[in-house]
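The values are calculated or read from the model by the stated rules, or taken from the named source; none is laboratory data. What you are looking at is a predicted structure, and each value in this text was computed from that prediction instead of being measured. Using ideal geometry, Cβ is built from the backbone for each residue, glycine included, and neighbour counts are taken over all protein chains shown.
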Amino acid sequence: MKRSLPSSASVANASEDGKLVAPAASRNTDALCAVLQEWGPSQGQALEIASGTGQHVRAFAEVLPGLTWQPSEVDPERRVSIDAYTRNLPNVAPVAELDAATSGWHRRFYGQDLIVLINLIHLISWQETKTIISEVAQSLSPKGLFILYGPFKRSGQLISDGDVRFHKALIQQDPEIGYKNDVDILNLFENVGLLALASVEMPANNLAFIAERPEV
């Protein structure tokens with residue numbers, strides 16, 4: 001049986017209103033908002049894949065209010081948290097249930113001007129990664145942008161002791177997961193018809209890839 005798409009980060013316990021807190025999301029939100037403000041469109045439709053706790057999409061909706069945001073998540077507890085964070089924001093739709101590692105979901109979400117995926121690729125297999133990015137490419141509108149963030153190998157190498165420890169822990173848990181190589185990601189973009197625009201160095205040795213679906 002194919003395993004489900006995992007949750008994208010560890011979280012603290014829920015508050016009374018259902019909100020979860022992911023320490024990683026608390027740390028990287030400001031840096032991610034800066035990338036979205038620099039690269040993201042000012043208006044249109046935006047999809048976040050694997051929205052986790054909802055902390056990110058709330059912040060993104062606040063800094064890019066001209067976008068209508070669609071959060072998504074496979075885990076039901078986290079979907080409750082996402083809606084708790086965003087229910088008072090007029091530019092955020094109720095969270096959609098989505099296992100993005102399955103094929104065919106682009107038909108539900110076609111025409112996105114921006115798709116964001118944060119801290120998930122190292123937690124899934126390469127085959128699931130290929131499925132997700134292929135679906136992303138088919139979901140984007142012409143000139144639509146894809147922003148992919150997380151920890152990656154650089155030219156096949158892990159660049160810090162912390163990355164070595166984390167990658168080792170991941171592959172001990174499941175040998176099919178772990179850090180992906182930046183060059184392989186760029187090649188995958190090309191294979192599915194995405195144009196890589198930039199690779200942005202982020203805090204804590206993370207990378208943000210910016211890619212575009214070209215106009216036909």
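Kindly indicate whether residue 39 is aromatic (Phe, Trp, Tyr), under 23 Å from residue 135 (Cα atoms), free of Cβ contacts under 8 Å to residues at least 60 places away in the same chain and in contact with a Leu (Cβ under 9 Å, 6 or more places away or on another chain).
Values: aromatic (Phe, Trp, Tyr): yes; under 23 Å from residue 135 (Cα atoms): yes; free of Cβ contacts under 8 Å to residues at least 60 places away in the same chain: no; in contact with a Leu (Cβ under 9 Å, 6 or more places away or on another chain): yes.
Here the answer is no, as residue 39 does not meet what is asked.
Looking at the range 106-128, which of the residues that are of a type in the set (A, V, I, L, M, F, W, C) and surrounded by fewer than 22 Cβ atoms within 10 Å (Cβ to Cβ) is farthest from residue 214 (Cα to Cα)?
Out of the qualifying residues, it is 123.
Give the residues of the range 44-82 that are of a type in the set (S, T, N, Q), in contact with a strand residue (DSSP E or B) (Cβ under 6 Å, 6 or more places away or on another chain) and in contact (Cβ under 8 Å) with a residue 60 or more places away in the chain, sorted by residue number. Walk me through how you get there before you give the answer.
Step one: list which residues in the range 44-82 are of a type in the set (S, T, N, Q), which gives 45, 51, 53, 55, 68, 70, 72, 81.
When the remaining residues are screened for being in contact with a strand residue (DSSP E or B) (Cβ under 6 Å, 6 or more places away or on another chain), the result is 45, 51, 68, 70, 72.
Hit for the range 44-82 is 45, nothing else.
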| query | Would the range 89-101 turn up any residue that is part of a strand (DSSP E or B) and either under 13 Å from the mean Cα position of the chain (by Cα) or under 24 Å from residue 207 (Cβ atoms) (or both)? | reply | no
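Name the residues in the range 186-216 that are part of a helix (DSSP H, G or I) and touching a residue at least 40 places away in the same chain (Cβ under 8 Å), would you?
Here is the first cut: in the range 186-216, the residues part of a helix (DSSP H, G or I) are 186-191, 203-205.
Within the range 186-216, 188, 189, 203, 204, 205 meet the criteria.
Among the listed residues 98, 123, which satisfies the condition of being under 21 Å from residue 185 (Cα atoms) and either touching a Pro at 6+ places or on another chain (Cβ under 9 Å) or modelled with pLDDT of 95 or more (or both)? Please lay out each step first, then the result.
Numbers: 98 fails: under 21 Å from residue 185 (Cα atoms).
Checking each option against the conditions leaves just 123.
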| request: Filter the range 113-140 for residues that are in a helix (DSSP H, G or I) and among the aliphatic types (A, V, I, L, M) and give the result. | output: 121, 123, 132, 133, 136, 137
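Does the range 86-99 contain any residue that is basic (Lys, Arg) and closer than 21 Å to residue 208 by Cα?
Restricting attention to the range 86-99, the residues satisfying the condition of being basic (Lys, Arg) are 87.
From what's left, closer than 21 Å to residue 208 by Cα: none.
No, every residue in the range 86-99 fails to be basic (Lys, Arg) and closer than 21 Å to residue 208 by Cα.
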| remark: Exactly one of 143, 153 is assigned to a strand (DSSP E or B), in contact (Cβ under 8 Å) with a residue 60 or more places away in the chain, basic (Lys, Arg) and touching a strand residue (DSSP E or B) at 6+ places or on another chain (Cβ under 8 Å), and that residue is 143
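From the residues in the range 42-56 that are in a loop (DSSP other than H, G, I, E, B) and among the small types (Gly, Ala, Ser), which one is nearest to residue 121 (Cα to Cα)? Steps first, answer last, please.
Step one: of the range 42-56, the residues in a loop (DSSP other than H, G, I, E, B) are 42-43, 50-54.
Imposing the further condition that a residue be among the small types (Gly, Ala, Ser) reduces the set to 42, 50-52, 54.
On the way: 42: 26, 50: 11, 51: 13, 52: 14, 54: 18 Å.
My answer is 50.
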| said: Give me the residue from the range 57-74 that is assigned to a helix (DSSP H, G or I) and touching a Ser or Thr at 6+ places or on another chain (Cβ under 9 Å) and, out of that set, surrounded by the fewest Cβ atoms within 10 Å (Cβ to Cβ). | reply: 59
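Within the range 78-89, take every residue that is at pLDDT 95 or above and over 19 Å from residue 112 (Cβ atoms) and give me the one that is surrounded by the most Cβ atoms within 10 Å (Cβ to Cβ). Show your work before the answer.
Restricting attention to the range 78-89, the residues satisfying the condition of being at pLDDT 95 or above are 78-86, 89.
If we keep only those that are over 19 Å from residue 112 (Cβ atoms) too, we end up with 78-81, 83-85.
Working: 78: 25, 79: 21, 80: 17, 81: 27, 83: 19, 84: 20, 85: 24.
The qualifying residue surrounded by the most Cβ atoms within 10 Å (Cβ to Cβ) is 81.
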| request: Kindly list the number of the only condition in (1) basic (Lys, Arg); (2) farther than 23 Å from residue 109 by Cα; (3) touching a strand residue (DSSP E or B) at 6+ places or on another chain (Cβ under 6 Å) that fails for residue 213. | output: (2)
| task | Run residue 136 past the list (1) of a type in the set (Val, Ile, Thr); (2) within 22 Å of residue 211 (Cβ to Cβ); (3) touching a Lys or Arg at 6+ places or on another chain (Cβ under 8 Å) and report the number of the one that doesn't hold. | result | (3)
| Taking residue 24, is it aliphatic (A, V, I, L, M) and either surrounded by fewer than 22 Cβ atoms within 10 Å (Cβ to Cβ) or outside any strand (DSSP E or B) (or both)? | yes
